[in-house]
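Asks: Encoded as structure tokens, here's the structure I'll be asking about.
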Amino acid sequence: MLHRFTFADGAVSYANHFLESRAYRVAREQNTIVYSEFATDPCRALFKRVATAFSPPAFGDNANVNLTRLGEEFLAMTETPLPVVFDPQTLHTLGVAEPAPRQVTVAHPHRSPKTGELVSYATHFGPYTTYRIYAQQPRGQRHMIAKLGVSRPSYMHSFAITERYVVLVEFPFVVVPIAIPLSGRPFIENYRWRPQRGTRFRVIELETGKLRGIYEGEPFFAFHHVNAFERDDELVLDLCAYDDAEIVRDLYLDHLRQEHPELPDPELRRCRLRLDGSNVEYKRLADVGLELPRTDYQRCNGRAYRHVYGVGQRDGGDFLDELVKVDVERGEASVWSEPGTYPGEPVFVPEPDAAEEDAGVLLSVVLDGAAGSSFLVLDAGDLGELARARVPHHIPFGFHGQFATEV
Ligand SMILES: [Fe+2]
């Protein structure tokens, strides 16, 4: 479901509408999940699975992870290669956009800090599996930046970009490509934790597509990158790190519905790659856990920065129940929380013409266990509450949101 909060005339209004994806329509008609999802596989006949698992019809287009704007189009995205186009005024679905170049992609494309192009990657599974890094222009135009062969592709929910480079961080959570169509398991359950592989950082030149190098570090897993930048002869990558990929299992509903589900704390981690070296060094940036990270993206993407905003978990909490801000230079953290409430990803909106980073507001949809949902506006600087709008029903946990002006 798309949710929209609109600011006008000193008030906030709210609207929602189901994304009329093919996956949604067919599920409504048949009253069950029909297309394969990330961790859900409807029982399909084996012959059909083999025949269709590597071609688009096997994948749904349940684009429930993130949104972006490409030219005049607004796209809803997931990790299958079928972004759904919607009207930002009516929230009506308009169709399916140009598919990504193969079966699995990311819902976290980046803007090239230099050119502004939308850059993304997809994994092309086949006899010769490749990661394909590409730039996407409006109206379906695209150019391929690089194709990199890989025998055991990693599950990478996002990637890093700097002014000159794209970095694919291959966590040792990998799949044997041919196993997917035959296993009968949902997509993510085909991946295996192989810590002996370590974590491989593939650095690719944005302009030429040339592989600058592969750098290695200790094994870990992450969903989200925070930011990355070049500094002298090194690359600095910040991300939300877990010791292993157990977090994927921990987020299953049957686990979350237990009396006291435990979730590991994501570590705000800085990875430093010396471009002329081979090893990667890690450093913890703050003593608080932080997930669903956001920055002042327009100002800081691919450049040195100072502030990251996200969600965290209080000691003894049972889910992500606080908003967190970290000054990555000083390692200082500040939090906002209210008992019984669960804030969603804080979207940073800069003040118009702001002179400095951190001047702006944070927007967060907060699930209030007792009273339904609230929409919260905080001052990004001190996390002080500026405004709150109550929504007359609950809004379930979501993933990512975006702010747009003049839609
Ligand atoms: Fe994400």
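The values are calculated or read from the model by the stated rules, or taken from the named source; none is laboratory data. What you are looking at is a predicted structure, and each value in this text was computed from that prediction instead of being measured. For neighbour counting, all protein chains shown are included, and Cβ atoms are generated from backbone atoms with ideal geometry for every residue, glycine included. Side chains are part of the model used for accessible areas, which takes the heavy atoms of the whole protein and leaves out ligands, DNA and RNA. Shrake-Rupley method; radii C 1.70, N 1.55, O 1.52, S 1.80 Å.
Asks: Using only C-alpha positions, report the orientation-averaged shadow area of the convex hull of the chain, nm², one decimal. Each step should come with its number before you reach the end.
Replies: On the way: hull surface 79.0 nm².
The directionally averaged projection comes out at 19.8 nm².
Asks: Could I ask something else about it? Rounded to the nearest 10 Å², what accessible area does Trp193 show when all protein chains are kept and the probe is 1.4 Å?
Replies: Counting only protein heavy atoms, the figure is 70 Å².
Asks: How compact and how long is the stretch 201-278, expressed as Rg and Dmax of its alpha-carbon atoms in Å?
Replies: When restricted to the Cα atoms of the stretch 201-278, Rg and Dmax are 16.2, 52 Å.
Asks: Can you compute the charge dipole magnitude of the chain about its Cα centre, using +1 on each Lys and Arg Cβ and -1 on each Asp and Glu Cβ, nothing else charged? Give it in debye, rounded to the nearest 20.
Replies: Working: 43 positive and 57 negative charges, 423 e Å.
Dipole magnitude for the chain comes out near 2040 debye.
Asks: How many Å² of accessible area per residue for the stretch 211-271, probe 1.4 Å?
Replies: Details: 2880 Å² over 61 residues.
Result: 47 Å² of accessible area for each residue.
Asks: Then there is this: How long is the gain from Gln298 to Arg330 if the chain were fully straight, where each residue apart is worth 0.36 nm and the alpha carbon distance is subtracted? Each step should come with its number before you reach the end.
Replies: Details: separation 32, 0.36 × 32 = 11.52 nm, distance 2.22 nm.
9.3 nm is the gain from fully extending Gln298 to Arg330.
Asks: For a Förster distance of 45 Å, can you work out the FRET efficiency between the beta-carbons of Glu216 and Glu385, rounded to the nearest 0.05?
Replies: Details: r = 45 Å, r/R0 = 0.99.
Efficiency for this residue pair is about 0.50.
Asks: Within the chain, how many lysine pairs that are 8 or more places apart, or on different chains, have C-alpha atoms less than 22 Å apart? Intermediate results must be reported in sequence, preceding the final value.
Replies: On the way: Lys114/Lys147; Lys114/Lys210; Lys147/Lys210; Lys283/Lys325.
Lysine pairs, 8 or more places apart or on different chains, close enough: 4.
Asks: Take the stretch 278-338, drop everything but the C-alpha atoms, weight them equally and run the Debye formula without solvent; then report log10 I(q)/I(0) at 0.12, 0.18, 0.21 Å⁻¹ to two decimals.
Replies: Those come out to -0.33, -0.69, -0.86, one per q.
Asks: Can you give me the solvent accessible area of Leu253 with a 1.4 Å probe, rounded to the nearest 10 Å²?
Replies: Leu253 exposes around 100 Å² with every protein chain in place.
Asks: With each run of n ≥ 4 DSSP H residues scored as -39500 (n - 2.57), what mean residue ellipticity at 222 nm is computed for the chain after dividing by its residue count and rounding to the nearest 500 deg cm²/dmol?
Replies: Values: 6 runs with 34 residues, N = 407.
My calculation for the chain gives -2000 deg cm²/dmol from helical runs alone.
Asks: Then there's this: Considering only Phe221, Ser112, Pro81, whose Cα is most displaced toward the positive end of the charge dipole of the chain, charges sitting on Cβ of Lys, Arg (+1) and Asp, Glu (-1)?
Replies: Pro81
Asks: Still on this structure: Largest first and to the nearest Å, give the Cα extent of the stretch 111-269 along each principal axis.
Replies: Projected onto its principal axes, the Cα set of the stretch 111-269 covers 49, 37, 34 Å.
Asks: Need one number for the stretch 156-241: average projected area of the convex hull over its C-alpha atoms, nm².
Replies: Numbers: hull surface 25.7 nm².
Computing the convex hull of the Cα atoms and averaging its projections yields 6.4 nm².
Asks: Moving to a separate point now. Which FRET efficiency value, to the nearest 0.05, is calculated for Glu351 and Glu205 with the Förster distance at 51 angstrom and r the Cβ-Cβ distance? Spell out each step's value before the answer.
Replies: Values: r = 35 Å, r/R0 = 0.68.
Between Glu351 and Glu205 the formula returns 0.90.
Asks: Quick one: putting +1 on the C-beta of Lys and Arg, -1 on the C-beta of Asp and Glu, what dipole do you get for the stretch 127-175 around its Cα centre, in Debye to the nearest 20? Present the calculation step by step, with values, prior to reporting the outcome.
Replies: Working: 6 positive and 2 negative charges, 44 e Å.
The calculation lands at about 220 debye.
Asks: Can you run phi through the Karplus equation (6.51, -1.76, 1.60; θ = phi - 60°) for the stretch 389-398 and list ³J(HN,Hα) in whole Hz, with x for Gly and Pro?
Replies: These are the phi-based 3J(HN,Hα) values: 10, 8, 9, x, 8, 6, 10, x, 4, x Hz.
Asks: Another question, then. With every protein chain left in place and a probe of 1.4 Å, what is the accessible surface of Lys114, to the nearest 10 Å²?
Replies: Surface open to solvent at Lys114 totals about 130 Å².
Asks: Here's another thing I want to ask about it. Using 0.36 nm per residue, how much length does the chain from Ala179 to Thr90 gain when fully extended, once their Cα-Cα distance is taken away?
Replies: Working: separation 89, 0.36 × 89 = 32.04 nm, distance 4.18 nm.
Residue separation times 0.36 nm, minus the Cα-Cα distance, leaves 27.9 nm.
Asks: Keeping the other protein chains in place, figure out the carbon and sulfur percent of the accessible area of the chain, with a 1.4 Å probe.
Replies: Working: 9530 of 19260 Å².
Using a 1.4 Å probe with all protein chains present, the chain comes out at 50 percent carbon and sulfur.
Asks: If each of Gln258 and Asn16 carries a label point 7 Å out from its Cα toward its Cβ, how far apart are those two points in nm?
Replies: Modelled inter-label distance: 2.9 nm.
Asks: What are the semi-axes of the equivalent ellipsoid of the stretch 221-327, taken as the square roots of 5 times the eigenvalues of the Cα gyration tensor, listed largest first and rounded to whole Å?
Replies: Values: eigenvalues 158, 51, 22 Å².
Result for the stretch 221-327: semi-axes of 28, 16, 10 Å.
Asks: Write down the Å³ per residue value for the convex hull defined by the alpha carbon atoms of the stretch 86-197. Before the final figure, lay out the partial values.
Replies: Working: hull volume 15.4 nm³, N = 112.
Roughly 137 Å³ of hull volume per residue.
Asks: Applying 1/(1 + (r/R0)^6) with R0 = 22 Å to the Cβ-Cβ distance of Tyr128 and Arg192, what FRET efficiency is obtained, to the nearest 0.05?
Replies: Working: r = 21 Å, r/R0 = 0.94.
Given R0 = 22 Å and the Cβ-Cβ separation, E is 0.60.
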